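Data first, discussion second: the structure below is written as structure tokens.
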Amino acid sequence: MSRQGTFVVAVVIAVLGYAAAWGRADAGRATVFHVSVGGSDTGPGTEGKPFATLGRARQAVRRKIAAGLTGDVTVVVAAGVYELAEPLVFGPADSGTRQHAVSYVAADNEKAVVSGGRRITGWKRAKGKLWTADVGDVKAGRWHFRQLFVDGRRARRARTPNADDKTSYLQLTGASLAADLKTYQLRLPPKHVRDWRNIRDVEIVIHGNWAINRKRLQQADAKTGTITLAPPHAKAIPWNRPDKGKFCYLENAAEMLDRPGEWYLNRPTGVLTYWPREGEDMAKAHVVAPVLGRLVEIVGGVGAPVRNLHFRGIRFEHTAWPLPAEGYHGIQACHYTAAGPRPPGRRWRGIEPAIFCEYVEGVSFTDGAIAHIGGSGVYFSKWARDCRIVGNHVYDVAANGVMLAGPNDKDLVPKGNRISNNHVHATGVEYFGACAIWVGFAQGTTITHNLVHDTPYTGISVGWQWDPRPTACKENLIEANHVHDVMKTLADGGCIYTLGYQPGTVLRGNLLHDVRRGAHTHGGAPNNGIFIDEGSKGFLFERNVIYNTHGRPLRFNQCRREWHTWKDNVLGGSSPAPEKVSAAKRVRAQTVASAGLEARYRKRLLGRQAN
């Protein structure tokens, strides 16, 4: 048997193991298609004559499904970058069955990348250390991008003050929003305000307590330091709107480009300017900007879910999320208020994900990666059942990393899903109020053995109701996660954050430590190991270890300690009685040993760091 054939057999065995967990597994007569960037969509999709695109492979799989599945179907994706012209959309016609799985898998030990970006070439040396490239589609108005990735690293849009300046933020000296929501003005010390070119492309980013605001400029008066924000304006909730004393910085003007790693896109001329970082050779550099906002969309329907569809070992990279006309008025967890009407059934809008799934059952994303994202990462929404997000590396994401939530409806709420053994870090790199893992209304969710770190706000957030009334959210398990070095930018959060009445929900054996508080957040709210917020009720807290936190290990807000059950938690800063010291040490040792990535995932996701 060939190496490729051995790999396919291994994949079938792995998929069968998952299929057996929620339905009957029967490999039957397996079918295998192959995809390679060097292939041809006119070919048969065999190992020797592979397809060139995933879209063509999906078409072949769809025909196989229409004829009636008699076995599993696997699409083996060879190494390479697969640039999408449009999102990969999967519906009931692409579904497996309870007996037979459909899987898209990266070839053994090969790097298969699904990209929503486009490479930018033709770089020329310009003044000083700057390089430029002409982007015709930008000049023609067909393309605008807000992110740039150079040799696999996110570059920074030109900003002032710079993040590494001694004074890296400014402070608002005043703010006023007219009652008719038509005129919004902010004031800064005049020495920091200039008559920037292309003023309507310049943005201001303002830190709140647990969310940010991001708005475009309409005018800037250098004499008075007055900045007029571009309309329309949403009616932001009072505690998160721009106000006097809040910290901010400005972004996206040619005059601000003064550091290696910064870039600026002149939309009227289509000229992209970049200052390379040390070691970057623009004659050889791989420079990518995002085009698509969505990479994968899996949407079934009422009574017709997409079932038994799997993605294994594939990287998903390079997406965009356009800033709305009214800007971004953050509410919580990358939800925001909008100037227009609300979407049906939703209180607020949310930053869109690269991967979106609803009305799905037994769908999985495993052993892959989600990175270099301009919006949020992956979102399983209404009527998601028995799905898995396992063994993935999620990082360099502008907003939330992993999301799971549906409506507050017993029939539509997600049930029985698993988020496990993922390495999630560097989320919220643009929208600082992001959560690495956010779960809203959900039932029976298992969140275990994840490694979460280096985030601007909360690590894991569960619940979405600000009072103790019963909801569809219950019986979630948050166990053996290792969460550290969170809350590095904003406030009023923690390693784990909870909301609402969730009977039967358990937080057990989590290792939580090194909770920060950024110097430029607004308000006096502390950051904690576990922040048990409004209405939280019905939880079991057991064998959690918390230490080295900015605020208290635990904090309660509009809820009570006695609403929960407590067993053997070890909280930093406490002084247990002598007879309890040995028990505390034993719990601490057990939690430290078991929390975080399990062995086989640790080796793959951390490599040398695992040792």
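Here are the numbers:
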| quantity | calculated |
| --- | --- |
| Residue count, the range 68-90 (criterion: part of a loop (DSSP other than H, G, I, E, B) and in contact with a His (Cβ under 8 Å, 6 or more places away or on another chain)) | 4 |
| Tally of residues being under 12 Å from Gly401 (Cβ atoms) and among the aromatic types (Phe, Trp, Tyr) across the range 447-465 | 1 |
| Residues (among the β-branched types (Val, Ile, Thr) and under 21 Å from Pro238 (Cβ atoms)) located in the range 519-546 | Thr521 |
| Residue match in the range 122-134 (condition: acidic (Asp, Glu), within 17 Å of Val288 (Cα to Cα) and under 27 Å from the mean Cα position of the chain (by Cα)) | no |
| Number of the exception - Arg259 against (1) of a type in the set (Lys, Arg); (2) over 27 Å from Asp492 (Cβ atoms); (3) not in a loop (DSSP other than H, G, I, E, B) | (3) |
| Criterion violated by His484 - all others in (1) in contact with a His (Cβ under 6 Å, 6 or more places away or on another chain); (2) modelled with pLDDT under 95; (3) not polar (S, T, N, Q) satisfied | (2) |
| Qualifying residue in the range 341-349 (condition: surrounded by fewer than 21 Cβ atoms within 10 Å (Cβ to Cβ) and touching a residue at least 40 places away in the same chain (Cβ under 8 Å)) | yes |
| Some residue of the range 70-81 being within 22 Å of the chain's Cα centre (by Cα), crowded, with 20+ Cβ neighbours inside 10 Å, under 30 Å from Trp263 (Cα atoms) and among the β-branched types (Val, Ile, Thr) | no |
| Pick from the range 64-108, criterion within 23 Å of Asp367 (Cα to Cα) and among the charged types (D, E, K, R), ranking: modelled with the lowest pLDDT | Asp108 |
| Which listed residue, of Ala426, Ala371, Ala436, Ala398, is under 19 Å from His482 (Cβ atoms), in contact with an Asp or Glu (Cβ under 6 Å, 6 or more places away or on another chain) and of a type in the set (A, V, I, L, M) | Ala426 |
| Answer residue from the range 559-611, given it is in a helix (DSSP H, G or I), β-branched (Val, Ile, Thr) and more than 30 Å from the chain's Cα centre (by Cα) and is modelled with the lowest pLDDT among those | Val581 |
| Test: residue in the range 203-219 that is part of a loop (DSSP other than H, G, I, E, B), surrounded by fewer than 22 Cβ atoms within 10 Å (Cβ to Cβ) and hydrophobic (A, V, I, L, M, F, W, C) | no |
| Considering residues of the range 534-552 that are touching a residue at least 60 places away in the same chain (Cβ under 8 Å) and in contact with a strand residue (DSSP E or B) (Cβ under 9 Å, 6 or more places away or on another chain) only, the residue nearest to Gln171 (Cα to Cα) | His550 |
| Only one of Thr228, Thr269, Thr273, Thr224 that is surrounded by fewer than 17 Cβ atoms within 10 Å (Cβ to Cβ) and assigned to a strand (DSSP E or B) | Thr228 |
| Top-ranked residue in the range 524-541 [being in a strand (DSSP E or B) and more than 25 Å from the chain's Cα centre (by Cα); ranked as surrounded by the most Cβ atoms within 10 Å (Cβ to Cβ)] | Phe539 |
| Meets criteria (more than 29 Å from Leu292 (Cα to Cα) and part of a strand (DSSP E or B)) for Leu250 | no |
| Selection from the range 220-265 of residues that are on the phi > 0 side of the Ramachandran plot and either in contact with a Cys (Cβ under 9 Å, 6 or more places away or on another chain) or of a type in the set (Gly, Ala, Ser) (or both) | Gly225, Gly245, Gly261 |
| Test result for Arg555, more than 22 Å from Gly504 (Cβ to Cβ) and of a type in the set (Lys, Arg) | yes |
| Lys244 part of a loop (DSSP other than H, G, I, E, B) and touching a Ser or Thr at 6+ places or on another chain (Cβ under 8 Å) | yes |
| Qualifying residues in the range 40-69 (those that are touching a residue at least 24 places away in the same chain (Cβ under 8 Å) and farther than 17 Å from Leu309 by Cα) - the one surrounded by the fewest Cβ atoms within 10 Å (Cβ to Cβ) | Glu47 |
| In the range 313-328, residue modelled with the lowest pLDDT [restricted to those that are surrounded by 21 or more Cβ atoms within 10 Å (Cβ to Cβ) and assigned to a strand (DSSP E or B)] | Tyr328 |
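The values are calculated or read from the model by the stated rules, or taken from the named source; none is laboratory data. Remember, predicted model here, so these are calculated numbers, not experimental data. All Cβ positions, glycine included, derive from the backbone under ideal geometry; neighbour counts span all protein chains shown.
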